[in-house]
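Engineer: Below are the structure tokens for one structure; questions will follow.
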Amino acid sequence: MSMAQKAEPAVGTPPDPGPKESDGRTAERPLVLRMLARPEVGVFLGALAVLVFFLVAAPAVRQGSSMATVLYQSSTIGIMALPVALLMIGGEFDLSSGVAVVSSALTASMLSYQLTLNVWMGVIVALIVSLAVGAFNGWMVVRTGLPSFLVTLGTFLILQGLNLAVTKLVTGNVATDDISDMDGFDQAKKIFASSFDVGGVQVKITVVWWLVFAALATWVLLRTKYGNWIFAVGGNKDSARAVGVPVNFTKITLFMAVGFGAWFVGMHQLFAFNTVQSGEGVGQELIYIAAAVIGGCLLTGGYGSAIGPVFGAFMFGMVNQGIVYAGWNPDWFKAFLGVMLLGAVLINLWVQRTATRR
């Protein structure tokens, strides 16, 4: 017998065992479920549904000028919703963001007008003040261990009181003086509050800034080490600290990012309307947080995206203007808003369970 013959097995080739059985833990989920587990997919579908609804219910929305107005309303919310969303992913809240916008605008306006300075000096000082407020909020949270809800609620009340009291003390009125004839105003307006023509429709520059900031925030979250830090501190700050993540630095800078957003929106309001009402901004912080929540950011932190709040802000702008174009009572806006928020929270809960299901 040859060597080759000796090497042949004594028994036949074993039968094909067939496909391996799965215990459910390693089975790949359907594509639809994997797509819905993305934080921005649900709100995209919701925004699309709202858009289609108002295109049917309010024919005026179909006009280019109407859509430009919707995008403008969305951008003023969306620019602030982005840093608020990043902060929420990092596990914190900022209830002072609404009045911080007005504080920034008041600082720039009064400093420039009362001291007869170039308006750019007021803009720069306002930026420093806004970043300082954000740094203070972050420092208080990490130093004291108090919930950011309580810390920023205190800041909210402080800023609200200062906005009213200081404005009355300096100007003798509840609003600032008109600064449209001051040096530097035209240049600043081009950056913060100008418009440009697209097919015969005037589009506000804030729409462009909104998309630029959204792209930047997405890149930071998904492509940088800092983005990993944000998710880590929002998921479990103790575990993050144990693996070397600078938790305090991350949280403080996230609060400062909210301060930057408040400064930018405040500058837009100042140069769009030339004057600022000191009592404005109250309640806007809830709009920003709601846009982030509707955009897929979990209230518990550690989960979300920057694209989701873009669609969340668009839903707010669409509903706000769509109700007007449809000729409905605008008092229904808040009710519609509440329904959207509750629906988003329930959807986010389902998404979280879907994403973590084995």
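The values are calculated or read from the model by the stated rules, or taken from the named source; none is laboratory data. Just so we're clear, the structure is a prediction, and the values are computed from it rather than from any experiment. Here the Cβ positions follow ideal geometry from the backbone for every residue, glycine too, while neighbour counts run over all protein chains shown. SASA here: full protein model, heavy atoms, side chains in, ligands and nucleic acids out. Shrake-Rupley method; radii C 1.70, N 1.55, O 1.52, S 1.80 Å.
Engineer: Could you pull out the residue among 320, 329 that is of a type in the set (S, T, N, Q) and at pLDDT 85 or above?
Structural biologist: Values: 329 fails: at pLDDT 85 or above.
None of the other options fit; the residue is 320.
Engineer: Of everything in region 311-337 that's of a type in the set (A, V, I, L, M) and more than 21 Å from the chain's Cα centre (by Cα), which residue is nearest to residue 50 (Cα to Cα)? Full working, then the answer.
Structural biologist: Applying the first criterion (of a type in the set (A, V, I, L, M)) to region 311-337 yields 313, 315, 318-319, 323-324, 326, 335, 337.
Those left that are additionally more than 21 Å from the chain's Cα centre (by Cα): 323-324, 326, 335.
On the way: 323: 11, 324: 14, 326: 13, 335: 15 Å.
Within region 311-337, the match that is nearest to residue 50 (Cα to Cα) is 323.
Engineer: Starting from region 137-151, take each residue that is under 16 Å from residue 97 (Cα atoms) and list its partners that are part of a loop (DSSP other than H, G, I, E, B) and among the aromatic types (Phe, Trp, Tyr), counting only C-beta distances under 7 angstrom and pairs at least six apart or across chains.
Structural biologist: Cβ pairs passing all conditions: 148/93; 149/93.
Engineer: Pairs, please: C-beta under 8 Å, at least 6 apart or cross-chain, first residue more than 19 Å from residue 292 (Cα to Cα) and in region 316-333, second open to solvent by 70 Å² or more (accessible area, probe 1.4 Å) and of a type in the set (Phe, Trp, Tyr)?
Structural biologist: Partner pairs satisfying both residue conditions: 322/53; 323/332.
Engineer: Would region 152-173 turn up any residue that is charged (D, E, K, R), under 22 Å from residue 111 (Cβ atoms) and not in a helix (DSSP H, G or I)?
Structural biologist: No, region 152-173 contains no residue that is charged (D, E, K, R), under 22 Å from residue 111 (Cβ atoms) and not in a helix (DSSP H, G or I).
Engineer: Right, another one. Being outside any helix (DSSP H, G or I), of a type in the set (A, V, I, L, M, F, W, C), within 17 Å of residue 75 (Cβ to Cβ) and touching a residue at least 40 places away in the same chain (Cβ under 8 Å), is that true of even one residue in region 294-306?
Structural biologist: Residues of region 294-306 that are outside any helix (DSSP H, G or I), as a first pass: 295-306.
If we keep only those that are of a type in the set (A, V, I, L, M, F, W, C) too, we end up with 297-299, 306.
In the following step, the residues that additionally are within 17 Å of residue 75 (Cβ to Cβ) were identified as 306.
Next cut, touching a residue at least 40 places away in the same chain (Cβ under 8 Å) only: 306.
For region 294-306, residues outside any helix (DSSP H, G or I), of a type in the set (A, V, I, L, M, F, W, C), within 17 Å of residue 75 (Cβ to Cβ) and touching a residue at least 40 places away in the same chain (Cβ under 8 Å): present.
Engineer: Can I ask one more? Checking residue 203 against (1) open to solvent by 80 Å² or more (accessible area, probe 1.4 Å); (2) under 26 Å from the mean Cα position of the chain (by Cα): exactly one of these is not met. Which one?
Structural biologist: (1)
Engineer: Determine whether residue 322 is more than 30 Å from residue 222 (Cβ to Cβ), part of a loop (DSSP other than H, G, I, E, B) and among the small types (Gly, Ala, Ser). Walk me through it before giving the result.
Structural biologist: On the way: more than 30 Å from residue 222 (Cβ to Cβ): yes; part of a loop (DSSP other than H, G, I, E, B): no; among the small types (Gly, Ala, Ser): yes.
Criteria not met by residue 322.
Engineer: For region 278-287, check the following and say yes or no: at least one residue is surrounded by 24 or more Cβ atoms within 10 Å (Cβ to Cβ), on the phi < 0 side of the Ramachandran plot and of a type outside the set (Phe, Trp, Tyr).
Structural biologist: There is at least one residue in region 278-287 that is surrounded by 24 or more Cβ atoms within 10 Å (Cβ to Cβ), on the phi < 0 side of the Ramachandran plot and of a type outside the set (Phe, Trp, Tyr).
Engineer: Further question: Please pick out the residue among 288, 226 that is at pLDDT 90 or above, under 12 Å from the mean Cα position of the chain (by Cα) and among the hydroxyl-bearing types (Ser, Thr, Tyr).
Structural biologist: Exactly one residue qualifies, and that residue is 288.
Engineer: Do you know which residues across region 262-293 are among the polar types (S, T, N, Q) and either outside any helix (DSSP H, G or I) or free of Cβ contacts under 8 Å to residues at least 24 places away in the same chain (or both)?
Structural biologist: 274, 275, 277, 278
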